[in-house]
Amino acid sequence: MTQPTLALRSVSKSFGMTAALTDMTLELHPGEVHAIVGENGAGKSTMIKIMTGIYQPDTGGVEIDGTPVLLQGSKAARLRGVAAVYQEPMVFPDLDVTENIFISATGSLWLNKSAMRRAAIDLIAKIGMRLDVDRMASGLTLAEQQAVEIARALSQNVRVLIMDEPTASLSAHEAAELRRVARALADQGVAVVYISHRLEEIFQLADRVSVIRDGRHISTRLVTATTPQLMISEMVGRDVGNYFSKMQSTATQDVLLSVRNLGLAGIFEGIAFDLHRGEVFCMAGLIGARRTDVALAIFGITPANAGTIRYKGKHLHAKSPSDAMAAGIAYVCEDRRKLGLAMELPIRWNITLATLSRYLSRLGLVNTQAERHTAADFRKRLNIRTPDAEIPVGKLSGGNQQKVMLSKWLNMNPDLLIVDEPTRGIDIGAKAEVHDLIRQFAAQGGAVLVISSDLPEVLALGDRILVMREGIQMAILDHADASQERIMALATGQEKAA
Amino acid sequence: MNKQSLLALSPQLLRILALVAVTGLILLFFATQIENYLNGRLFNRISSSVAVMALIATGQTLVILTRNIDLSVGSTVGFTAFAAGSLITLMPDLNPALLVAYAALLGAGFGLVNGLLVAYASVPSIIVTLATMALYRSLLVEFSNAKSITSESLPAWLVDFPNLPVISIGDLQVRAGFLVAVTIVFLAHLALTRLRPARRIFAVGSNPEAAAMAGIDSRRVVLVAFILSGMLAGLAGFMFLARFGNITVVAGLGFELKSIAASVVGGVSINGGSGSVIGAFLGTILVDLIDSSLVRWPIVSEFWREAVLGAMILIAVAVDTLFIRRLDRMRAARAHETALAQQGAKS
Amino acid sequence: MKSRLYSWEGLLLVTFLIIFAFNTITQPQFLTVSNQINMFQLSIEKLIVVLVMAFIIINAEIDLSVGSMMGLSACAFGWSFQHGLDPALAIVLCLAIGAAGGALNGFFVAYMGLPSLVVTLATLIGFRGLARVMVEDRGITNFPDWFDAIGQQGFIGPVPFALVCFVIMFAVAWIVLEHSGFGRKTYVIGSNRHVADFAGIHVRRHKLIIFTLAGVVSAFAGLLYAARVGAVRGDVANGFELDIITIVLLGGASIFGGSGTLVGTGLAILIVLNLRNGMSLHNVTGHLQTGVIGILLIASVLGPRLQWPRRLGAARQR
């Protein structure tokens, strides 16, 4: 094979007592799409940060074109042609597309705006996007923002492009576009590093795939020489056997929530379904299908302006979360960091946050004793791994944070639990635990509305599955009629709504 | 103006147009209220007092663009005015250029201290400059030894300079002080919009994380913004000395809040990344215009000045925010429509 | 508790004890009852507002208008007194003005979503302006004896009335902030307002209440000032906001919200008072004192990060 564009040679990196990377060796060749897979916490992000100069290795080194280099800072890495594009792109909302592309460009002191604009148009065309280069970045979609970032990397003669979960928040169409761009870049001789949790897309796109686990390199194989099962078992170091298998339904005939013709002008319309006690009901669809908006309408954050919601046989019109909560509805949101948890505050405070009034004396004082009791209880029940419940919740791993968030809402003893992307960004072990919890909650007579973009998860959890597309309800499938292909066909509009 | 062409304009330009329109309306209003209002003397009066504040507001804008704030500019103006005054009193034959450089460098030094603490020691700017505001003021008190600078002790060229008419049209005079301020604001605007490194000021304020990822050295950008703010405050100190001649330990007190007010009225977003020095300059003029017109308005007592100013800032910011939000919504709606149309065309 | 000793409050306590010991040794008149009482009484109005500012800052907001509100309230009292309003009624009127002004801030911040720095900068100028409209460039004095007495000779036993007020308010603020549901919500909203929103907490209402409270407390402090000095002018309490904010930040509250304690705030009050008092006894002027406090403020953020073990540095986030 040719000389690797970039190589890691026996790189180790520790933070305090924890080793993030141990003796990691990896070679990236020009013209290949090199996929990297591993559980959360396997060391992928540390590895990216070493390649992009944000961290320096403790031992071992980075080679570019066979020569050892010292990459100090992301600027040094960029000058060497190493750039990264992240799941949440990094753009400047107050600058236009042209300036976003050329912000870190070097060159004359005086900007030649018209030349810059022309160059921007060329770059955008090169990656096959349609985008007005004079638009402010604040109004761009995620996919458009990623395009801006790729164009920025291209403008700097990128030789190694790292894409970190680039398609996690994209619609199927956008994701396919992005994969096409990645392939085109590789064909031009760029070494593309592609990190993804979506195994099927790795098989569509990548040339080689490396598995890493616990900061160590496990294997590098040609994609044609591996299988999903092999990759998964290497990732987790064990057989995950029945992760994908469907759990037993506990649905009853007792209707808890009944939604008819629900709509919010310009966002979604005509949503209608019944949700029974004991049932796990999934909403599937692509990003932009407006599933979360339906949940927000039920929970009272952005109330619907058309249609009716009947809950426990009575009319419900929640104008705020507190209205919905009073009725017994809980909403576990998708974004832990921004909406779900107060990261600097103790675990205990977060767990009792939604039920604070229950811990208040008549004078409005907090009964700390009772709070501690609750926190200890959930820590045990949900297996939250932490030394104690008084440390800031931000110090926990993603999976444990998710469990704290679930505790917060389970403590409300809701009848209806809405869970938005319950396992996004948590590892497979924690995923299974969260799935068990959801099923348990339903088995005890609650109803669960799960919003998920992870099709295996939808199929594993959903007794019935509602598929949405761009604000429209496409179909409600019984589990027996559902398959990944069917859901995708509905979600992309290839199969028409019933 | 129809919706489409409104959307095509950048928010910056819209703000500037709106400011010019509001200034015009206020001029017209007071012209009907105050006899002999619209004349050259009004221009002379406002241009003289804007000359000092415009410099400070320009510096303040640079700092606010990086998502920081500089509360120490008032004390910097006071100290540099006093120090420059003392120097010229001791050495009356000093070259004027050296005196200006002395004031500017002194201010830049103060800005350097702020900038190092904010950028390299990562102390929030509001804390740093709250502290250095007190510190620089107490240095002034210590330095002055409770004495004042008086205009009698200053050379004539210095005291005459700000009011030196460069262009005269009837009784309307474009004076040297104002001309200097306008030149600096114009140069700052040109640099901010056209110089490659200056665009990084916007980048850092707009999205600090993205700036770090793009390899921009945010610390240096913030440091430079503070140094420039200090330097402009130093220049303003020189102008202050020249204009008033009498400098006491309270010189420049409260200028920090006035400069923030002028920037904010001029459409500079307190959250960083968005705004222009031209806007801040127009904001300075607008604030001063209302201030000096109310004094002459016979219907209300002059003591209403501050109350009106406060209300004006509040209204300006509220209207600006509501307007920009609406504009964003209209833009989003339009982008949505275009996307739908494109999809429709494909299928 | 060992962790308590390593905390920010522990460091503040040690600092306070050093300053106290230094003052006691170098200045014989420092540790006299009259000096100690004087020390508190001369800045009691500020200290009362410090308490409510702690709530505001922990809530991730800022209120620059408190000094102006103190001035407005004092001037409104003077104005109504001059226009023959019953002083008792005038007091009620001033507190109502405080509530209205605070609610105005709260409305713009909470319901219009404007940054509090800008809103309260505007009302800082506006409230001061209204105060000047009321008294113009005069001074108003000759208030009824009972009113002046509240500030000047109002002793309860050996303790001045104002000090009793402060101690009671401190206790109430401590209980509310650190042990009540309202206080808990203050921290949560300050830490992340969206999380609070999604947990069914009425964030806007909470912010409105806190700003209104700040207005009322500032108005009350302004009245105390008028009573203590026995006269009002347009520049009453001018610039107090910066001193007040400095004390709260020194006490360990994060300017980004979500952290800070009332114990820390109380210790910061003691440090600033004793430092200023000691410097006054050593004939250091007021402006210079403010400069020293400024250095202390920066050192309070820098110090733990540069010199102390990491553990202590972590005690203060930012």
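Provide the gained length on full extension for the span B:Ile315 to B:Tyr120, in nm with one decimal, where the gain is 0.36 nm per separating residue minus the Cα-Cα distance. Could you put the intermediate results ahead of the total?
On the way: separation 195, 0.36 × 195 = 70.20 nm, distance 3.65 nm.
Length difference between fully extended and current span is 66.5 nm.
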Exercise. Once every Cα of region A:9-126 carries one equal point scatterer and solvent is ignored, give the base-10 log of I(q)/I(0) from the Debye formula at q = 0.22 Å⁻¹, two decimals.
Key: -1.32
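Based on the Cα gyration tensor of chain A, what are the three equivalent ellipsoid semi-axes, each the root of five times an eigenvalue, rounded to whole Å and given largest first? Before the final figure, lay out the partial values.
Details: eigenvalues 335, 148, 109 Å².
Values for chain A, descending: 41, 27, 23 Å.
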Quiz item: Does chain B classify as rounded, prolate or oblate by the C-alpha gyration tensor (a ≥ b ≥ c root eigenvalues; a/c under 1.5 gives rounded; else a/b over b/c gives prolate, otherwise oblate)?
Solution: oblate
Practice problem: Check cross-link reach from A:Lys75 to the lysines: straight Cα distance under 16 Å, and skip same-chain residues fewer than eight apart. | Solution: A:Lys49
Quiz item: Counting other Cβ atoms within 10 Å, which trypsin sites (Lys or Arg not before Pro) in region A:324-364 have at most 16 and lie in a DSSP loop?
Solution: A:Arg362
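Please say if region C:124-259 is rounded, prolate or oblate, where rounded means a/c under 1.5 for a ≥ b ≥ c the square roots of the C-alpha gyration tensor eigenvalues, and otherwise the choice is prolate for a/b larger than b/c and oblate otherwise?
Details: a/c = 2.56, a/b = 1.65, b/c = 1.55.
Taking the square roots of the gyration eigenvalues as a ≥ b ≥ c, region C:124-259 is prolate.
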Self-check item: Efficiency of FRET from Cβ geometry, B:Thr183 and C:Val159, R₀ 60 Å, rounded to 0.05
Solution: 0.45
Quiz item: Of B:Val250, B:Val128, B:Val73, which is the most mobile in a GNM of chain B whose springs link Cα atoms less than 10 angstrom apart?
Solution: B:Val250
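Determine Rg/Rh for region C:195-293; Rg is computed over alpha-carbon atoms and Rh is the Kirkwood hydrodynamic estimate from the same atoms.
Details: Rg = 17.1 Å, Rh = 16.1 Å.
Across region C:195-293, the Cα-based Rg/Rh ratio is 1.06.
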Quiz item: What residues have an amide H closer than 5 Å to that of A:Ile451, excluding those fewer than 5 places away on the same chain, when H is modeled at 1.01 Å from N in the peptide plane?
Solution: A:Met283, A:Val419, A:Asp420, A:Glu421
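About its Cα centre, what dipole magnitude does chain C give when the only charges are +1 on Lys and Arg Cβ and -1 on Asp and Glu Cβ, stated in debye to the nearest 20?
On the way: 20 positive and 14 negative charges, 233 e Å.
Dipole about the Cα centre, nearest 20: 1120 debye.
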Quiz prompt | Theoretical FRET efficiency, 1/(1+(r/R0)^6), r = Cβ-Cβ of A:Val69 and A:Asp335, R0 25 Å, to 0.05 | solution = 0.10
Self-check item: Most fluctuating residue given options B:Ser148, B:Ser206, B:Ser301, as computed from a GNM of chain B linking Cα atoms under 10 Å
Solution: B:Ser301
Exercise. Identify all aspartates and glutamates with a Cα-Cα distance to B:Lys258 below 14 Å; exclude those on the same chain that are fewer than 8 residues away in sequence.
Key: B:Asp70, B:Asp288, B:Asp291, B:Glu306
Self-check item: Per-residue [θ]222 nm for chain C (sum of -39500 (n - 2.57) over DSSP H runs n ≥ 4, rounded to 500)
Solution: -24000 deg cm²/dmol
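I need A:Val91, B:Val20, C:Val292 ordered by Cβ neighbour count within 10 Å, fewest first.
Values: A:Val91 26, B:Val20 13, C:Val292 17.
Ranked by crowding around the Cβ, least crowded first: B:Val20, C:Val292, A:Val91.
For region A:244-491, state the average projected area of the convex hull of the C-alpha atoms over all orientations, rounded to one decimal in nm². Can you show the working numbers first?
Values: hull surface 52.5 nm².
That works out to 13.1 nm².
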Quiz item: Which of these, C:Ile125, C:Ile25, C:Ile210, has the largest mean-square fluctuation under a Gaussian network model of chain C (Cα springs below 10 Å)?
Solution: C:Ile25
Self-check item: Folded to 0 to 90 degrees: helix A:142-155 orientation relative to chain A principal axis, Cα
Solution: 10 degrees
Practice problem: For region B:186-283, would you read off the P(r) tail past 21 Å as a percentage of all alpha carbon pairs? | Solution: 41 percent
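Given Cα positions, please report Rg to Rh for region C:2-315, the hydrodynamic radius being the Kirkwood one. Please report the intermediate quantities before stating the final value.
Numbers: Rg = 19.6 Å, Rh = 20.2 Å.
Over the Cα atoms of region C:2-315, Rg/Rh equals 0.97.
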Quiz prompt | Which of B:Thr248, A:Thr25, B:Thr183 has the fewest Cβ neighbours within 10 Å, and the rest in rising order | solution = B:Thr183, A:Thr25, B:Thr248
Quiz item: Which whole number in µm²/s is D for the protein assembly as shown by Stokes-Einstein, with the Kirkwood Rh taken over Cα pairs at 10 °C and 1.306 mPa s?
Solution: 48 µm²/s
Quiz item: Straight-line reach from A:Lys496: which lysines have a Cα under 19 Å away, not including same-chain ones fewer than 8 places off?
Solution: B:Lys346
Exercise. Considering the options B:Ile299, C:Asn277, A:Gly445, tell which one lies farthest towards the positive end of the dipole of the protein assembly as shown, charges being +1 on Lys and Arg and -1 on Asp and Glu at the Cβ, about the Cα centre.
Key: A:Gly445
Quiz prompt | Calculated SAXS-style log₁₀ I(q)/I(0) at q = 0.14 Å⁻¹ - region C:1-104, Debye, Cα scatterers | solution = -0.83
Practice problem: Can you figure out the FRET efficiency of A:Asp58 with C:Ala171, using R₀ = 56 Å and their beta-carbon distance, to the nearest 0.05? | Solution: 0.60
Practice problem: Give a residue-ordered list of calculated ³J(HN,Hα) values for region B:139-145 (Karplus: 6.51 cos²θ - 1.76 cosθ + 1.60, θ = phi - 60°; whole Hz; x for Gly, Pro). | Solution: 4, 4, 4, 5, 5, 7, 6
Quiz item: Which distance in Å, rounded to a whole number, links the C-alpha centroids of region B:4-66 and region C:14-63?
Solution: 45 Å
Quiz item: Is region A:206-348 best put as rounded, prolate or oblate by its Cα gyration tensor, with a ≥ b ≥ c the root eigenvalues, rounded for a/c under 1.5, and otherwise prolate when a/b is larger than b/c, oblate when not?
Solution: prolate
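Every number here is computed from the coordinates shown, using simple stated rules; none is lab data. These numbers were taken from a predicted model, which means no experiment stands behind them. Heads up, the Cβs are rebuilt from the backbone with ideal geometry, glycines too, and the neighbour counts pull from every protein chain shown.
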